[in-house]
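Beneath this line is the structure, given in structure tokens, with notes to follow.
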Amino acid sequence: MDDEKMITLTTSDGEKLEFYVLEETRISGMNYLLVTDAGEDDEEGECYILKDRSNQDEEEAVYEFVEDDSEMDYLFNIFAELMEDMDVDLRK
């Protein structure tokens, strides 16, 4: 994952979470990230889809985890299609 970028999220209680960005896309004016907690040497990890909830005037991005099942299914299919040529096995 050397060519992947990493982001650090800070939760509302101050906990820092680090994720590798696998893919990003924009749908209906909303930015989404597919991220993983798997490290460079890890073969498996959890994937999450984040929605950018930032306002244009904010210096730092504000992301939230996508939790709605229908939105998650829709986005999963899009990310799976975007990543079909990569060496990544996405499973629900």
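The values are calculated or read from the model by the stated rules, or taken from the named source; none is laboratory data. Keep in mind that what you see is a predicted model, and the values were worked out from it rather than measured. Heads up: the accessible areas ignore ligands, DNA and RNA and are worked out on the full protein's heavy atoms, side chains in. Shrake-Rupley method; radii C 1.70, N 1.55, O 1.52, S 1.80 Å.
Quick notes
- Per-residue 3J(HN,Hα) values for region 56-66, derived from phi via the Karplus relation 6.51 cos²θ - 1.76 cosθ + 1.60 with θ = phi - 60°, read 4, 8, 7, 6, 10, 6, 10, 10, 10, 6, 6 Hz in sequence order (x marks Gly and Pro).
- Less than 5 angstrom separates the built amide H of Ala38 from those of Tyr20, Glu46, all sequence-distant by 5 or more or on a different chain.
- Å³ per residue enclosed by the Cα convex hull of region 20-82: 95
- Glu81 sits with roughly 130 Å² accessible to a 1.4 Å probe, with DNA, RNA and ligands left out of the calculation.
- Rolling a 1.4 Å probe over the protein heavy atoms leaves Met30 with an accessible area of roughly 50 Å².
- Heavy atoms of Phe65 accessible to a 1.4 Å probe, total area in Å² rounded to 10: 80
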